[in-house]
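Visitor: My questions all concern the structure below.
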Amino acid sequence: MKIGYPCINRSIGCTPNRTFRLASYSKERLIETIEMNLESLEMMIEYNIERGLLFLRITSSIIPFASHPVCRYDWKRHFKAHLRSIGKMIKKAKMRISMHPDQFTLINSKDVHVYKRAVRELEYHADILDLMGLNRDAKIQIHVGGVYDDKLASMKRFIARYRKLSKKVRKRLVIENDERLYSLFDCLVISKAAKIPILFDSFHHSILNNDENYYDALKSVSKTWKRLDGLPMVDYSSQRPEGRVGAHTESIDLENFKKFLKSVDGIDFDLMLEIKDKEESALKALHLSRHLHLK
DNA sequence: AGTTGTCAAGCTAGT
DNA sequence: ACTAGCTTGACAACT
(Lines give C-alpha, C1' and ligand atoms only; values in the text may rest on other atoms or scores of the structure.)
Protein backbone atom coordinates (compact mmCIF):
# COMPACT_ATOMS: atom_id res chain seq x y z
CA MET A 1 0.00 0.00 0.00
CA LYS A 2 1.29 3.42 -0.99
CA ILE A 3 0.14 6.43 1.04
CA GLY A 4 -0.09 10.04 -0.02
CA TYR A 5 -1.76 13.43 0.25
CA PRO A 6 -3.22 15.73 -2.38
CA CYS A 7 -1.78 18.63 -4.32
CA ILE A 8 0.09 20.80 -1.83
CA ASN A 9 2.65 20.49 0.91
CA ARG A 10 2.44 22.91 3.81
CA SER A 11 5.97 22.57 5.16
CA ILE A 12 8.29 23.17 2.20
CA GLY A 13 7.29 26.81 1.75
CA CYS A 14 6.33 26.72 -1.90
CA THR A 15 3.31 25.50 -3.79
CA PRO A 16 2.70 23.97 -7.23
CA ASN A 17 -0.73 25.61 -7.03
CA ARG A 18 0.20 29.16 -8.00
CA THR A 19 -2.11 30.90 -10.41
CA PHE A 20 -3.21 34.41 -11.32
CA ARG A 21 -6.33 36.26 -12.32
CA LEU A 22 -7.66 35.90 -15.80
CA ALA A 23 -7.50 39.70 -16.07
CA SER A 24 -3.72 39.58 -15.65
CA TYR A 25 -3.17 36.83 -18.17
CA SER A 26 -0.15 37.10 -20.40
CA LYS A 27 2.08 34.56 -22.09
CA GLU A 28 4.99 35.71 -19.92
CA ARG A 29 2.97 35.43 -16.74
CA LEU A 30 1.85 31.95 -17.76
CA ILE A 31 5.36 30.67 -18.47
CA GLU A 32 6.73 32.19 -15.28
CA THR A 33 3.96 30.64 -13.16
CA ILE A 34 4.26 27.21 -14.75
CA GLU A 35 8.01 27.28 -14.16
CA MET A 36 7.50 28.03 -10.47
CA ASN A 37 4.79 25.38 -10.19
CA LEU A 38 6.91 22.68 -11.76
CA GLU A 39 9.86 23.53 -9.53
CA SER A 40 7.60 23.34 -6.48
CA LEU A 41 6.24 20.02 -7.69
CA GLU A 42 9.77 18.66 -7.94
CA MET A 43 10.53 19.77 -4.39
CA MET A 44 7.36 18.13 -3.20
CA ILE A 45 8.22 14.90 -4.96
CA GLU A 46 11.68 14.88 -3.39
CA TYR A 47 10.20 15.56 0.03
CA ASN A 48 7.75 12.69 -0.41
CA ILE A 49 10.27 10.19 -1.72
CA GLU A 50 12.62 10.87 1.17
CA ARG A 51 9.84 10.13 3.62
CA GLY A 52 8.28 7.15 1.88
CA LEU A 53 5.09 8.88 0.77
CA LEU A 54 4.71 7.26 -2.64
CA PHE A 55 1.22 8.25 -3.72
CA LEU A 56 0.76 11.78 -4.99
CA ARG A 57 -2.10 13.77 -6.41
CA ILE A 58 -0.85 16.44 -8.78
CA THR A 59 -2.85 19.66 -8.61
CA SER A 60 -5.00 20.63 -11.60
CA SER A 61 -3.67 24.18 -11.24
CA ILE A 62 -0.19 23.11 -12.30
CA ILE A 63 -0.82 24.73 -15.71
CA PRO A 64 -3.14 27.69 -15.05
CA PHE A 65 -5.89 28.17 -17.66
CA ALA A 66 -4.62 25.14 -19.56
CA SER A 67 -8.01 24.34 -21.08
CA HIS A 68 -9.28 27.93 -21.24
CA PRO A 69 -9.64 29.62 -24.64
CA VAL A 70 -7.44 32.46 -23.39
CA CYS A 71 -4.51 30.07 -23.30
CA ARG A 72 -3.24 29.71 -26.80
CA TYR A 73 0.40 29.32 -25.88
CA ASP A 74 1.94 25.92 -26.68
CA TRP A 75 2.92 25.07 -23.11
CA LYS A 76 3.14 21.38 -24.00
CA ARG A 77 6.05 22.02 -26.30
CA HIS A 78 7.71 24.56 -24.04
CA PHE A 79 7.64 22.32 -20.96
CA LYS A 80 7.96 18.94 -22.62
CA ALA A 81 11.50 18.26 -21.37
CA HIS A 82 10.76 19.51 -17.87
CA LEU A 83 7.63 17.36 -17.57
CA ARG A 84 9.51 14.37 -18.90
CA SER A 85 12.26 14.78 -16.32
CA ILE A 86 9.70 15.03 -13.51
CA GLY A 87 8.14 11.86 -14.86
CA LYS A 88 11.49 10.15 -14.66
CA MET A 89 11.85 11.04 -10.97
CA ILE A 90 8.39 9.64 -10.37
CA LYS A 91 9.02 6.39 -12.19
CA LYS A 92 12.43 5.89 -10.62
CA ALA A 93 10.85 6.11 -7.18
CA LYS A 94 7.89 3.92 -8.26
CA MET A 95 5.60 6.69 -7.15
CA ARG A 96 1.88 6.46 -7.99
CA ILE A 97 0.12 9.50 -9.43
CA SER A 98 -3.47 10.71 -9.54
CA MET A 99 -5.15 13.91 -10.65
CA HIS A 100 -8.60 15.23 -9.72
CA PRO A 101 -10.19 17.83 -12.01
CA ASP A 102 -12.52 20.27 -10.24
CA GLN A 103 -16.27 19.85 -9.76
CA PHE A 104 -17.20 21.67 -12.95
CA THR A 105 -15.65 18.88 -15.01
CA LEU A 106 -18.96 17.23 -15.84
CA ILE A 107 -19.16 14.95 -18.81
CA ASN A 108 -22.82 14.12 -18.12
CA SER A 109 -24.03 17.72 -18.14
CA LYS A 110 -27.18 18.49 -20.06
CA ASP A 111 -25.49 21.62 -21.27
CA VAL A 112 -23.36 20.55 -24.19
CA HIS A 113 -21.00 23.49 -23.66
CA VAL A 114 -20.26 22.31 -20.14
CA TYR A 115 -19.61 18.86 -21.53
CA LYS A 116 -17.25 20.19 -24.18
CA ARG A 117 -15.31 22.24 -21.65
CA ALA A 118 -15.07 19.15 -19.47
CA VAL A 119 -13.61 17.16 -22.35
CA ARG A 120 -10.96 19.84 -22.91
CA GLU A 121 -10.14 19.80 -19.21
CA LEU A 122 -9.76 16.02 -19.23
CA GLU A 123 -7.54 16.16 -22.30
CA TYR A 124 -5.30 18.62 -20.49
CA HIS A 125 -5.00 16.29 -17.50
CA ALA A 126 -4.20 13.35 -19.77
CA ASP A 127 -1.60 15.44 -21.61
CA ILE A 128 0.24 16.19 -18.37
CA LEU A 129 0.45 12.52 -17.44
CA ASP A 130 1.38 11.51 -21.00
CA LEU A 131 4.09 14.16 -21.25
CA MET A 132 5.53 12.85 -18.00
CA GLY A 133 5.67 9.46 -19.67
CA LEU A 134 3.65 7.76 -16.95
CA ASN A 135 1.93 4.48 -17.69
CA ARG A 136 -1.79 3.94 -17.42
CA ASP A 137 -1.82 3.31 -13.69
CA ALA A 138 -1.62 7.11 -13.30
CA LYS A 139 -5.28 8.06 -13.06
CA ILE A 140 -7.65 10.98 -13.46
CA GLN A 141 -10.57 10.85 -11.05
CA ILE A 142 -13.91 12.61 -11.48
CA HIS A 143 -17.38 12.30 -10.02
CA VAL A 144 -20.23 11.02 -12.14
CA GLY A 145 -21.76 14.52 -12.22
CA GLY A 146 -25.23 16.01 -11.84
CA VAL A 147 -28.60 14.27 -11.59
CA TYR A 148 -30.67 16.82 -13.53
CA ASP A 149 -33.96 15.43 -12.17
CA ASP A 150 -33.46 12.09 -13.92
CA LYS A 151 -30.74 9.95 -12.45
CA LEU A 152 -31.05 7.03 -14.82
CA ALA A 153 -30.93 9.25 -17.90
CA SER A 154 -27.96 11.11 -16.41
CA MET A 155 -26.12 7.86 -15.78
CA LYS A 156 -26.81 6.76 -19.33
CA ARG A 157 -25.55 10.07 -20.61
CA PHE A 158 -22.37 9.57 -18.62
CA ILE A 159 -21.82 6.17 -20.19
CA ALA A 160 -22.54 7.34 -23.73
CA ARG A 161 -20.24 10.35 -23.34
CA TYR A 162 -17.52 8.28 -21.71
CA ARG A 163 -17.48 5.99 -24.72
CA LYS A 164 -16.89 8.96 -27.00
CA LEU A 165 -13.87 10.24 -25.08
CA SER A 166 -10.45 9.96 -26.69
CA LYS A 167 -8.41 6.91 -25.88
CA LYS A 168 -5.79 8.93 -24.01
CA VAL A 169 -8.48 10.11 -21.56
CA ARG A 170 -10.34 6.81 -21.33
CA LYS A 171 -7.27 4.83 -20.37
CA ARG A 172 -6.83 7.05 -17.32
CA LEU A 173 -10.31 8.09 -16.27
CA VAL A 174 -11.88 6.61 -13.14
CA ILE A 175 -15.08 7.54 -11.29
CA GLU A 176 -15.37 8.27 -7.61
CA ASN A 177 -18.47 7.76 -5.47
CA ASP A 178 -19.69 11.02 -3.92
CA GLU A 179 -21.57 11.79 -0.72
CA ARG A 180 -24.78 13.29 -2.16
CA LEU A 181 -25.72 12.00 -5.59
CA TYR A 182 -23.91 8.93 -6.88
CA SER A 183 -23.23 6.16 -4.38
CA LEU A 184 -20.89 3.24 -4.74
CA PHE A 185 -23.82 1.18 -5.99
CA ASP A 186 -24.56 3.72 -8.74
CA CYS A 187 -20.89 3.75 -9.69
CA LEU A 188 -20.88 -0.04 -9.95
CA VAL A 189 -23.79 0.10 -12.38
CA ILE A 190 -21.93 2.60 -14.53
CA SER A 191 -18.67 0.70 -14.18
CA LYS A 192 -20.25 -2.47 -15.43
CA ALA A 193 -21.68 -0.81 -18.52
CA ALA A 194 -18.72 1.43 -19.34
CA LYS A 195 -15.90 -0.78 -18.03
CA ILE A 196 -14.51 2.10 -16.03
CA PRO A 197 -12.65 1.55 -12.74
CA ILE A 198 -14.07 2.98 -9.53
CA LEU A 199 -12.03 4.98 -7.08
CA PHE A 200 -13.51 4.25 -3.66
CA ASP A 201 -13.95 7.20 -1.34
CA SER A 202 -14.44 5.73 2.11
CA PHE A 203 -15.61 8.98 3.69
CA HIS A 204 -18.23 9.65 1.02
CA HIS A 205 -19.33 6.06 1.35
CA SER A 206 -19.82 6.49 5.09
CA ILE A 207 -22.31 9.29 4.30
CA LEU A 208 -24.10 7.83 1.25
CA ASN A 209 -24.29 4.05 0.94
CA ASN A 210 -26.50 1.00 0.60
CA ASP A 211 -25.32 -0.66 3.79
CA GLU A 212 -22.22 -2.22 2.24
CA ASN A 213 -19.42 -2.49 4.80
CA TYR A 214 -15.96 -1.23 3.88
CA TYR A 215 -14.61 -4.68 3.20
CA ASP A 216 -17.37 -5.73 0.78
CA ALA A 217 -17.37 -2.30 -0.82
CA LEU A 218 -13.66 -2.39 -1.48
CA LYS A 219 -13.82 -5.98 -2.71
CA SER A 220 -16.40 -5.07 -5.34
CA VAL A 221 -14.41 -1.99 -6.34
CA SER A 222 -11.17 -3.97 -6.70
CA LYS A 223 -12.71 -6.03 -9.47
CA THR A 224 -13.16 -2.92 -11.60
CA TRP A 225 -9.39 -2.35 -11.77
CA LYS A 226 -7.58 -4.38 -14.42
CA ARG A 227 -3.91 -5.31 -14.24
CA LEU A 228 -2.72 -2.34 -16.31
CA ASP A 229 -4.80 0.05 -14.20
CA GLY A 230 -2.67 -0.77 -11.18
CA LEU A 231 -3.92 -1.25 -7.64
CA PRO A 232 -7.26 0.33 -6.75
CA MET A 233 -7.01 3.87 -5.47
CA VAL A 234 -8.86 4.79 -2.30
CA ASP A 235 -9.56 8.23 -0.85
CA TYR A 236 -9.78 8.38 2.91
CA SER A 237 -10.88 11.13 5.25
CA SER A 238 -13.00 11.45 8.36
CA GLN A 239 -15.63 13.83 9.67
CA ARG A 240 -14.48 17.12 11.14
CA PRO A 241 -15.83 17.20 14.68
CA GLU A 242 -18.69 19.70 14.90
CA GLY A 243 -18.33 20.43 11.19
CA ARG A 244 -21.05 20.15 8.55
CA VAL A 245 -21.65 16.54 7.55
CA GLY A 246 -19.09 15.75 4.90
CA ALA A 247 -16.56 18.35 6.07
CA HIS A 248 -13.07 16.89 6.02
CA THR A 249 -11.19 16.74 9.29
CA GLU A 250 -8.37 19.16 10.05
CA SER A 251 -6.01 16.46 11.20
CA ILE A 252 -6.09 12.67 11.05
CA ASP A 253 -8.08 10.76 13.64
CA LEU A 254 -5.72 7.84 14.14
CA GLU A 255 -8.27 5.68 15.94
CA ASN A 256 -10.72 6.02 13.08
CA PHE A 257 -7.93 5.37 10.59
CA LYS A 258 -6.80 2.25 12.41
CA LYS A 259 -10.35 0.94 12.39
CA PHE A 260 -10.62 1.58 8.68
CA LEU A 261 -7.36 -0.22 7.90
CA LYS A 262 -8.38 -3.18 10.01
CA SER A 263 -11.77 -3.39 8.33
CA VAL A 264 -10.20 -3.72 4.88
CA ASP A 265 -7.28 -5.87 5.94
CA GLY A 266 -6.28 -8.32 3.22
CA ILE A 267 -7.18 -6.07 0.29
CA ASP A 268 -4.36 -4.29 -1.51
CA PHE A 269 -4.80 -0.66 -2.60
CA ASP A 270 -3.13 2.76 -2.65
CA LEU A 271 -4.42 5.34 -0.23
CA MET A 272 -4.92 9.08 -0.61
CA LEU A 273 -5.51 10.98 2.63
CA GLU A 274 -7.82 13.91 2.01
CA ILE A 275 -7.01 15.75 5.17
CA LYS A 276 -6.44 19.45 5.59
CA ASP A 277 -3.02 19.33 7.19
CA LYS A 278 -1.72 17.27 4.25
CA GLU A 279 1.77 15.80 4.75
CA GLU A 280 1.55 16.05 8.51
CA SER A 281 -1.32 13.56 8.71
CA ALA A 282 0.04 11.48 5.84
CA LEU A 283 3.27 10.92 7.77
CA LYS A 284 1.34 9.90 10.89
CA ALA A 285 -0.75 7.50 8.81
CA LEU A 286 2.32 6.03 7.15
CA HIS A 287 3.93 5.47 10.52
CA LEU A 288 0.82 3.82 11.90
CA SER A 289 0.32 1.58 8.87
CA ARG A 290 3.90 0.33 9.19
CA HIS A 291 3.40 -0.62 12.81
CA LEU A 292 0.03 -2.27 12.50
CA HIS A 293 0.21 -6.02 12.26
CA LEU A 294 -1.95 -6.63 9.27
CA LYS A 295 -1.98 -9.46 6.80
C1' DA B 1 2.63 43.68 6.65
C1' DG B 2 -1.71 42.11 7.37
C1' DT B 3 -6.58 41.69 6.13
C1' DT B 4 -10.43 40.84 3.17
C1' DG B 5 -13.03 40.20 -0.93
C1' DT B 6 -12.79 37.79 -5.10
C1' DC B 7 -11.63 34.41 -8.47
C1' DA B 8 -12.74 30.48 -15.36
C1' DA B 9 -15.60 26.89 -14.97
C1' DG B 10 -21.59 24.09 -12.17
C1' DC B 11 -25.01 21.76 -9.54
C1' DT B 12 -28.66 21.59 -6.06
C1' DA B 13 -31.96 23.11 -2.88
C1' DG B 14 -34.64 26.64 -1.43
C1' DT B 15 -37.25 30.80 -2.24
C1' DA C 1 -36.61 32.81 -12.32
C1' DC C 2 -33.34 33.68 -9.11
C1' DT C 3 -29.80 33.11 -5.45
C1' DA C 4 -27.15 31.11 -1.61
C1' DG C 5 -24.25 27.42 -0.50
C1' DC C 6 -20.94 24.14 -1.57
C1' DT C 7 -15.30 24.28 -0.92
C1' DT C 8 -10.94 26.37 -1.08
C1' DG C 9 -6.13 28.23 -1.85
C1' DA C 10 -4.20 32.02 -3.42
C1' DC C 11 -4.41 36.41 -5.96
C1' DA C 12 -5.12 41.30 -5.74
C1' DA C 13 -6.64 45.25 -3.80
C1' DC C 14 -7.20 47.33 0.21
C1' DT C 15 -5.94 48.99 5.12
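The values are calculated or read from the model by the stated rules, or taken from the named source; none is laboratory data. What you see is a predicted model, and the numbers here were worked out from it, not measured in a lab. Using ideal geometry, Cβ is built from the backbone for each residue, glycine included, and neighbour counts are taken over all protein chains shown.
Visitor: Tell me which of these A:Glu46 doesn't satisfy, since it passes every other one: (1) under 19 Å from the mean Cα position of the chain (by Cα); (2) modelled with pLDDT of 95 or more.
Guide: Condition (1) is where A:Glu46 drops out.
Visitor: Look at A:Asp235 and say whether it is out of contact with any strand residue (DSSP E or B) (no Cβ under 9 Å at 6 or more places or on another chain) and either within 16 Å of DNA strand B (Cβ to nearest atom) or in contact (Cβ under 8 Å) with a residue 40 or more places away in the chain (or both).
Guide: no
Visitor: Quick one: A:Ala126 ticks every box in (1) near DNA strand B (Cβ under 8 Å from one of its atoms); (2) part of a helix (DSSP H, G or I); (3) aliphatic (A, V, I, L, M); (4) touching a residue at least 24 places away in the same chain (Cβ under 8 Å) bar one, so which box is it?
Guide: Condition (1) is where A:Ala126 drops out.
Visitor: Could you give me the residue pairs with C-beta distances under 8 Å whose first residue belongs to segment A:238-250 and is of a type outside the set (A, V, I, L, M, F, W, C), whose second residue is within 16 Å of DNA strand B (Cβ to nearest atom) and not in a loop (DSSP other than H, G, I, E, B) wherever it lies, and which are 6+ apart or on separate chains?
Guide: Pairs that qualify, where the first residue is of a type outside the set (A, V, I, L, M, F, W, C) and the partner is within 16 Å of DNA strand B (Cβ to nearest atom) and not in a loop (DSSP other than H, G, I, E, B), are A:Gly246/A:His204; A:Gly246/A:Ile207.
Each row is one residue, and each column tells you yes or no for (1) in contact with a helix residue (DSSP H, G or I) (Cβ under 6 Å, 6 or more places away or on another chain); (2) touching a residue at least 24 places away in the same chain (Cβ under 8 Å); (3) in a strand (DSSP E or B); (4) buried (at least 19 other Cβ atoms within 10 Å of the Cβ).
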| residue | (1), (2), (3), (4) |
| --- | --- |
| A:Ile12 | yes, yes, no, no |
| A:Ile31 | no, yes, no, no |
| A:Met43 | no, yes, no, no |
| A:Asn48 | no, yes, no, yes |
| A:Leu53 | yes, yes, no, yes |
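Visitor: Look at segment A:218-268 and say how many of its residues are part of a loop (DSSP other than H, G, I, E, B) and either of a type outside the set (Gly, Ala, Ser) or closer than 20 Å to A:Phe185 by Cβ (or both).
Guide: Qualifying residue count, segment A:218-268: 20.
Visitor: Those residues that are within 23 Å of A:Ala285 (Cα to Cα), within 10 Å of DNA strand C (Cβ to nearest atom) and of a type in the set (Phe, Trp, Tyr), I need them from segment A:1-48; list them, please.
Guide: none
Visitor: Now a separate question. Report whether or not A:Leu271 is modelled with pLDDT of 90 or more and in a helix (DSSP H, G or I). Reasoning before the result, please.
Guide: Numbers: modelled with pLDDT of 90 or more: yes; in a helix (DSSP H, G or I): no.
In short, no.
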